[in-house]
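S.K.: Take this structure, written in structure tokens, and hold onto it; I'll ask about it next.
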């Protein structure tokens, strides 16, 4: 998919998500639906250090975008929409993209992170423990210290060879758990 087409599709998706979010969700709704536990089995390698508390659990669906580099597929970026895990209407409350970064569509807060541990899973992208590198805003992602990517499904890069600057998007889903320092 060429860059212009990808930009048009991404812009259209963001506009649709933002329009739906602005008309149907508030920061209070997002905060009220956050559970107190993850609900997925967490591998030992992905445990969050003591002194942090779970503040939000979100389901996510999207794609892992891969680009051809030297004849092999390399991860370019994720692109996913998150909603409160218990919200059956699946109202979008955040977008996940390259960085990696998560941005609240409800209050504008954001968190950037870097992976510090992973737990491989057969047939899907690995589960991850990520540590925050920066936050902004005073909303749901303010002061986030750690993020877990759990219960992953799909998103694996193609095993076929590639040429030129080909790109491919592979669907995935996951659960993201956000932690803040305990006070």
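S.K.: Could you list 50, 143, 151 so that the one with the fewest beta carbons within 10 Å of its beta carbon is first and the one with the most is last?
M.R.: Going from least to most buried by this count: 50, 143, 151.
S.K.: Follow-up. So if we plug the beta-carbon distance of residue 61 and residue 161 into 1/(1 + (r/R0)^6) with R0 = 22 Å, what FRET efficiency do we get, rounded to 0.05?
M.R.: Calculated value: 0.20.
S.K.: Once fully extended, how much extra length lies between residue 90 and residue 70, figured as 0.36 nm per residue of separation less the alpha-carbon to alpha-carbon distance?
M.R.: Going from the current span to full extension adds 3.3 nm.
S.K.: Going by C-beta contacts inside 10 Å, put 75, 129 in order with the fewest on the left.
M.R.: Neighbour counts put them in this order, fewest first: 75, 129.
S.K.: Right, next: Using a Förster radius of 35 Å, what is the FRET efficiency between residue 52 and residue 153 based on their Cβ-Cβ separation? Nearest 0.05, please.
M.R.: Once the sixth-power term is evaluated, E becomes 0.85.
Computed from the coordinates by the stated procedures, all read-outs in this text should not be read as laboratory data. Given the structure is predicted, the values throughout are model-derived calculations rather than measurements. Cβ atoms come from the backbone with ideal geometry, glycine included; neighbour counts cover every protein chain shown.
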